[in-house]
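Asks: Questions regarding the structure given below will be posed in turn.
The values are calculated or read from the model by the stated rules, or taken from the named source; none is laboratory data. Computed from a predicted structure; not experimentally measured. Every residue, glycine as well, gets a Cβ built from its backbone with ideal geometry; the counts of neighbours run over all protein chains shown. Protein only, heavy atoms only, side chains kept; ligands, DNA and RNA dropped before computing areas. Shrake-Rupley method; radii C 1.70, N 1.55, O 1.52, S 1.80 Å.
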Amino acid sequence: MKRLPVLWLLLWVCALYSAGIYLFVGGFLLVRLEVNRTSTCGDVLQPGEEPADFCRVQPRFRRAVLLIVDALKIDFTWFDPHNAAPRPYENKLPVLEETVSSRPAHSRLYPFRADPPTTTMQRIKGFTTGSLPTFVDVGNNFASSAILEDNLIHQFGQVGKRVVFMGDDTWENLFPKKFHRSLPFPSFNVKDLHTVDNGILQHLYTTMVSDDWDILVAHFLGVDHCGHRFGPDHPAMADKLTQMNGVIRSVMDRLQNDTLLVVMGDHGMTDTGDHGGESQKETDAAIFLYSPSPLFPAAPSEVGGRSEPDVVPQTDLVPTLALLLGVPIPYSSVGQVLLPVFPPHGQTKGAVGGLSQLEALWINAKQVNRFLETYSGMAKDIPPESLSRLKADFSRLSSEYLATVRRGRPPSPQLAASLQAYLTSVRDTCRATWARFNPLKMAAGLAILAFACLTCFVLSELSFELIREDGTGLRAPVAAALMTGGCVAAGQLSARGYVEVAWCLAAAALSSELLFLWRARRSGIAGAEKIGPTSGWLTPRRLLAPPVLVPLLRCASLLSDSYVIAEGRAVTFLVLSLALYIPIRLNWDGLLLPPSHDSLKAAGILPPPALSPSTVRKESGTLLACLGLLVGSLYLSLSFHACREEQGSCQPSPFLSPLSRLQDSRLKNLHYVLSVFALALWTYLLRRCLRHYGNLNSASGAVFAARWVLLLLSVCLALYWAVSATPEDSFRNLAELIAMAQLALPRAAFCLLGLGLALIWLDPLTVYAKTKVQASARGPSVPPRYRASTAISPQAELHHLIPQIYQRMRRSLDDDGELSAGSEADGRPAVEAYGLGTVYSAPLVLFCGLLGMGLLLLHPEGMALSFLLLLLQMGAVLHIHASSTTLSGLHGAGSGCFNVPWTPVVLWSLAATQFFHATGHLPTFPSIQWGAAFVGFPEGHTGTVLPASLVTLNTFASHILFSVGCPLLLFWPLVCEVRGGRPGTACSEEGEDAVMEMRLRENPQQFSSALLQLSTRYLFVLGAQVFASVCAAAILRRHLMVWKVFAPKLMFEASGFLVSSASLLIGVTLVLRVDVAVGRWFKRLIPDASR
């Protein structure tokens, strides 16, 4: 078998797709330009009538306490005295409502609206810099880097204020060495509800009564972690909110008159306790302002003319705090001051003091205008008409304000409203502008992906020709890529003095693709008689065939936001439709039922049918039974789907919640029993399959993994589920033992998984050879005869015996072919090789089985049932494919005999997407199961690589399993081969028994070609889906739902492709590794073959 050409060609195709994805994403998801300038107290903002704008008046407050309660949703702060049966998150913060009602001049409670993405790092960045995040910022949430833009923490330090911080260690990463004193606590462990909060409380009150601070920041995480772990509707949430109520009350009691208290949430949470998206439940947090001295000059009903609180954007906190505390507004802030905390014009004397509303708005407007001028001069991406309009508005407002000040007249009521409208317009313009794109990079990425899809399709059609050339057809495209990329890099160096890698990659990928397609066209014309016409794909009849129509419909529908939202059910329908097409097509061709009696065939005038009627009935029954199993598993898998925020009436699966969240002990026990049953059945089915084909008889490493590692891994998972579901307040005497088990059991499972996969890789053969010397042996000079069986039991040997394999072994190993002649002679020593018929598929099945159990460990316990359905669906698809191949007579060992048709390949790829949804995942950021990062690491991580890897494995588990198992589509028709039922072609001899996967060994060139063709077809289907997502994002980049639907879908589709292609390479490499081991085994068994 030609192994290296297969690997190199697949690596090259994957590299082309990756280059296209990299270029498009680089043009589609750009981080906005940061203005690295800072404001100072000496700044004179234009137009300037004053010697300085910032710091020119006595600040309202000398000190401030910022209590950030992570994920403090606005719903948590409302208090309803008439609610007799409040839910766990209701009526738990009465101190806020009591204070607002009893002291309206001292306090306010507002909804505090965050800009998406609603992740903690981006929110801290938003309410300290006053800037707006971009979509791609969400990827930095768990790899926080220092904030370089001007911010409040920097401004506090610049004017000499001492900032003391305690809580979430994200602040320490964002503001390194900026605090007078810092007490950070690890924040990434979402299962830990108390460490951060208790650590803060140990120092909070003692710090407040001391005199070594000016700004005190305390960031509590318990509420957020409780939401992630249990959801908001859990008694643990009631305990946490009650604790926060006591903290707020205690802090208020310790405040001095010159101190401002700000209690706020950085974001909200969904009904499942998650966040990260842009639904109102995720964006609407709460902000509570309080001071022992009068803070608000008017009652709530007199502010804005409404009794209901206004919604306060988070960016507005920055200029408000800056002016209240007497520090410059950060340079890049686009927020506007919160007017109710400033007195109306002319009422600044007396107890309130400080700036008036109009003065605060004027300073705010000049600061925003300065930023707008600086940014527009650097970035050039704000539309000229919008920029001109904003400049004209500011010029008009400046003239009006300055004229009012010079004449000493009271300002018109409309002036403050006009300044507010100007500030709002600037923020809206910036928000629209910072969703900016690089059309050239996007176009290059689209072109590379389009040519990559075409290249992949041509490669699958010309796989036999390329393998026959021994991979030499790849040398020219690779050389062209290196030369073109080098030339572009040299040109950039000479012209600009630096190299932009993206354009080097674009030039290299495009030149490589175009040269390959040009050479393939010549090769295709020359070999058209051997490979068949490829232009037939463009005919309407072929395009309307279900194997082509289904993926075309799926790709086209990615342009619809409604389809993306309902993708889980839509893909389930497509899988079902394509599966039903197979028996319908067989019946249409007259292959599903035995042929009617023909007197000519009975008389011997015409050749008999290839398959006997009983064989046809058996295969048809198997196909229909597996179809029923597939339909059943598809229907049951719908019970494990999650819900998007747009699906209002949808109810998420109860199996998505970890057992620790369940309150009902009966329901918890039932879920646990079902999960353990599914796990046991998964283990049994894998071992039963391997035992049935005789793959558990040898002493190899793979068999050891199947016998012992698989069993021990199952036990570890079952025990881990039991201890992780144990409530923290039960079994207090065993608390340390349970904590140790929660740490040790998953790590032991990871070690067992690594051991099992390593054993399969290093020693993959599951073949057992047994020599039996018969009594009538003719002498030692007579060579032995060999036969390969798949089982030791007489019954299994009867059904899966591979006789007369000796000549085939010799023929495949002997260069001269002289030993291929001769016939079997009774009495010679017999060597029976059990499991030889499934020598390739058995290690792959075991590898997928072990890997599936490892991936299940990263999911909630209830997903064991979904993973069992995934296993049953994979088996059903494989058997449907095998039975349809047998009935159609499509497989054999001649040219193209091993080719896997498009229908099972498309079905296999759709099944991967279908089970992405059936394992509780969605193409949205809030649906990411972050808890996977803490399986085996309850104390958190020091870096980000390991947790990111665990979350990736959890998210794309179905993609990984289906991609690694993709070569099974090639092997399974041979595994299920019918003995004595093959047509008399060049691939077999009349009356010959089934030899199963040894046919591949006999025809190494066809084996390599078929494996390459299957892999490229699978990559083509996956790549077409990525290309469709890319097109949807490019075409609909100004669509209302682009950042909520299409951009996340693009990110998940691209990430899924990269994970799938890497997993496919692992599966193919394992097959090649098995082939090497089989060759060595034959050479040891037949010594003279190694000459």
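Asks: Restricting to region 142-188, and then to whatever is surrounded by fewer than 18 Cβ atoms within 10 Å (Cβ to Cβ) and of a type in the set (A, V, I, L, M, F, W, C), can you tell me which residue is modelled with the lowest pLDDT?
Replies: First, pick out the residues of region 142-188 that are surrounded by fewer than 18 Cβ atoms within 10 Å (Cβ to Cβ): 143, 145-146, 148, 158-160, 162, 173, 176-177, 180-181, 186.
Imposing the further condition that a residue be of a type in the set (A, V, I, L, M, F, W, C) reduces the set to 143, 146, 148, 159.
Numbers: A143: 44, A146: 78, L148: 82, V159: 91.
Step by step, filter region 142-188, then rank; the result is A143.
Asks: Next question. Could you list all residues from region 1022-1040 that are among the aliphatic types (A, V, I, L, M), open to solvent by 30 Å² or more (accessible area, probe 1.4 Å) and either closer than 15 Å to L29 by Cα or in a helix (DSSP H, G or I) (or both)? Outline the logic, then answer.
Replies: Within region 1022-1040, the subset among the aliphatic types (A, V, I, L, M) is 1022, 1024, 1026, 1028, 1030, 1032-1036, 1040.
Now drop any that are not open to solvent by 30 Å² or more (accessible area, probe 1.4 Å), which leaves 1035-1036, 1040.
Across region 1022-1040, the qualifying residues are I1035, L1036.
Asks: Give the residue that is nearest to H234 (Cα to Cα), with candidates limited to residues of region 87-99 that are open to solvent by less than 30 Å² (accessible area, probe 1.4 Å) and assigned to a helix (DSSP H, G or I).
Replies: Once the filter is applied, the top-ranked residue is P94.
Asks: Return only the number of the condition from (1) of a type outside the set (S, T, Y); (2) in contact with a helix residue (DSSP H, G or I) (Cβ under 7 Å, 6 or more places away or on another chain); (3) at pLDDT 85 or above; (4) at negative phi that A71 does not satisfy.
Replies: Checking A71 against (1) of a type outside the set (S, T, Y); (2) in contact with a helix residue (DSSP H, G or I) (Cβ under 7 Å, 6 or more places away or on another chain); (3) at pLDDT 85 or above; (4) at negative phi, the one that fails is (4).
Asks: I would also like to ask the following. If you go through region 941-980, how many residues are among the small types (G, A, S) and either buried (at least 18 other Cβ atoms within 10 Å of the Cβ) or touching a Lys or Arg at 6+ places or on another chain (Cβ under 9 Å) (or both)? Steps first, answer last, please.
Replies: Step one: list which residues in region 941-980 are among the small types (G, A, S), which gives 943, 948-949, 957-958, 963, 965, 980.
Retained after the next criterion (residues that are either buried (at least 18 other Cβ atoms within 10 Å of the Cβ) or touching a Lys or Arg at 6+ places or on another chain (Cβ under 9 Å) (or both)): 957-958, 963, 965.
The total comes to 4.
Asks: Can you tell me which residue among I363, I382 is among the β-branched types (V, I, T) and at pLDDT 85 or above? Full working, then the answer.
Replies: Numbers: I382 fails: at pLDDT 85 or above.
Testing whether each residue is among the β-branched types (V, I, T) and at pLDDT 85 or above leaves just I363.
Asks: In addition: Could you tell me which numbered condition G936 fails, if it satisfies all but one of (1) small (G, A, S); (2) under 12 Å from the mean Cα position of the chain (by Cα); (3) part of a loop (DSSP other than H, G, I, E, B); (4) closer than 20 Å to A749 by Cβ?
Replies: (2)
Asks: Taking the residues in region 684-730 that are in a loop (DSSP other than H, G, I, E, B) and of a type in the set (S, T, Y) as candidates, determine which candidate is farthest from the chain's Cα centre (by Cα).
Replies: My answer is S698.
Asks: Given the conditions (1) touching a residue at least 60 places away in the same chain (Cβ under 8 Å); (2) touching a strand residue (DSSP E or B) at 6+ places or on another chain (Cβ under 8 Å); (3) more than 17 Å from M264 (Cα to Cα); (4) open to solvent by less than 10 Å² (accessible area, probe 1.4 Å), report the number of the one that D214 does not fulfil.
Replies: Tallying (1) touching a residue at least 60 places away in the same chain (Cβ under 8 Å); (2) touching a strand residue (DSSP E or B) at 6+ places or on another chain (Cβ under 8 Å); (3) more than 17 Å from M264 (Cα to Cα); (4) open to solvent by less than 10 Å² (accessible area, probe 1.4 Å), D214 fails exactly one: (4).
Asks: Can you list residue pairs whose Cβ atoms sit under 8 Å apart, with the first residue in region 684-696 being without any contact (Cβ under 8 Å) to a residue 40 or more places away in the chain and among the basic types (K, R) and the second being part of a loop (DSSP other than H, G, I, E, B) and open to solvent by 10 Å² or more (accessible area, probe 1.4 Å)? Count only pairs 6 or more apart in sequence or on different chains.
Replies: Between residues of region 684-696 that are without any contact (Cβ under 8 Å) to a residue 40 or more places away in the chain and among the basic types (K, R) and residues that are part of a loop (DSSP other than H, G, I, E, B) and open to solvent by 10 Å² or more (accessible area, probe 1.4 Å), there is no close pair.
Asks: Take region 886-909 and flag every residue that is modelled with pLDDT under 90 and assigned to a helix (DSSP H, G or I).
Replies: Correct list: T886, L887, S888.
Asks: When you look at S1055, is it closer than 23 Å to C453 by Cβ and in contact with a Cys (Cβ under 6 Å, 6 or more places away or on another chain), yes or no?
Replies: no
Asks: Within region 429-436, can one find any residue that is of a type in the set (G, A, S) and either surrounded by 14 or more Cβ atoms within 10 Å (Cβ to Cβ) or part of a helix (DSSP H, G or I) (or both)? Write out each step before concluding.
Replies: Let us first name the residues in region 429-436 that are of a type in the set (G, A, S), namely 432, 435.
Then drop every residue that is not either surrounded by 14 or more Cβ atoms within 10 Å (Cβ to Cβ) or part of a helix (DSSP H, G or I) (or both), which leaves 432, 435.
The answer is yes, given that some residue of region 429-436 is of a type in the set (G, A, S) and either surrounded by 14 or more Cβ atoms within 10 Å (Cβ to Cβ) or part of a helix (DSSP H, G or I) (or both).
Asks: Inspect region 673-686 for any residue being out of contact with any strand residue (DSSP E or B) (no Cβ under 9 Å at 6 or more places or on another chain), within 23 Å of H234 (Cβ to Cβ), surrounded by 14 or more Cβ atoms within 10 Å (Cβ to Cβ) and of a type in the set (S, T, Y) and give the result as yes or no. Please lay out each step first, then the result.
Replies: From region 673-686, those out of contact with any strand residue (DSSP E or B) (no Cβ under 9 Å at 6 or more places or on another chain) are 673-686; that's our starting set.
Now drop any that are not within 23 Å of H234 (Cβ to Cβ), which leaves 673-675.
If we keep only those that are surrounded by 14 or more Cβ atoms within 10 Å (Cβ to Cβ) as well, we get 674-675.
Within this subset, residues satisfying the condition of being of a type in the set (S, T, Y) are 675.
Yes, region 673-686 contains at least one residue that is out of contact with any strand residue (DSSP E or B) (no Cβ under 9 Å at 6 or more places or on another chain), within 23 Å of H234 (Cβ to Cβ), surrounded by 14 or more Cβ atoms within 10 Å (Cβ to Cβ) and of a type in the set (S, T, Y).
Asks: Another question, then. Does F1046 satisfy being at pLDDT 90 or above and among the aromatic types (F, W, Y)? Before you say what the answer is, go through the steps one by one.
Replies: Details: at pLDDT 90 or above: no; among the aromatic types (F, W, Y): yes.
For F1046, the condition - at pLDDT 90 or above and among the aromatic types (F, W, Y) - is not met.
Asks: A further question follows. May I ask you to list the residues in region 240-260 that are within 40 Å of the chain's Cα centre (by Cα) and touching a residue at least 12 places away in the same chain (Cβ under 8 Å)? Step through it out loud before you land on a result.
Replies: Of the residues in region 240-260, the ones within 40 Å of the chain's Cα centre (by Cα) are 240-248.
Matches in region 240-260: K240, L241, T242, Q243, M244, N245, V247, I248.
Asks: Could you go through region 59-66 and let me know if any residue there is at pLDDT below 90 and under 43 Å from the mean Cα position of the chain (by Cα).
Replies: no
Asks: From L29, L10, L16, L23, grab the single residue that is open to solvent by less than 60 Å² (accessible area, probe 1.4 Å), within 24 Å of the chain's Cα centre (by Cα) and at pLDDT below 85.
Replies: Details: L10 fails: at pLDDT below 85; L16 fails: at pLDDT below 85; L23 fails: at pLDDT below 85.
Just a single option satisfies the conditions, and that option is L29.
Asks: Which residue pairs have Cβ atoms under 7 Å apart, sit 6 or more places apart or on different chains, and have a first residue in region 936-963 that is under 21 Å from A864 (Cα atoms) and a second that is of a type in the set (K, R) and open to solvent by 50 Å² or more (accessible area, probe 1.4 Å)?
Replies: Short answer, once both residue conditions are applied: G936/R747.
Asks: Test of understanding: among L440, L355, L419, which residue is more than 30 Å from C504 (Cβ to Cβ), among the aliphatic types (A, V, I, L, M) and in a helix (DSSP H, G or I)?
Replies: Working: L440 fails: more than 30 Å from C504 (Cβ to Cβ); L355 fails: in a helix (DSSP H, G or I).
Result: L419 is the single residue among L440, L355, L419 that is more than 30 Å from C504 (Cβ to Cβ), among the aliphatic types (A, V, I, L, M) and in a helix (DSSP H, G or I).
Asks: In addition: Which one of the conditions (1) part of a helix (DSSP H, G or I); (2) more than 25 Å from L659 (Cβ to Cβ); (3) open to solvent by 30 Å² or more (accessible area, probe 1.4 Å) does V247 fail to meet, given that it meets all the rest?
Replies: So the condition that V247 fails would be (3).
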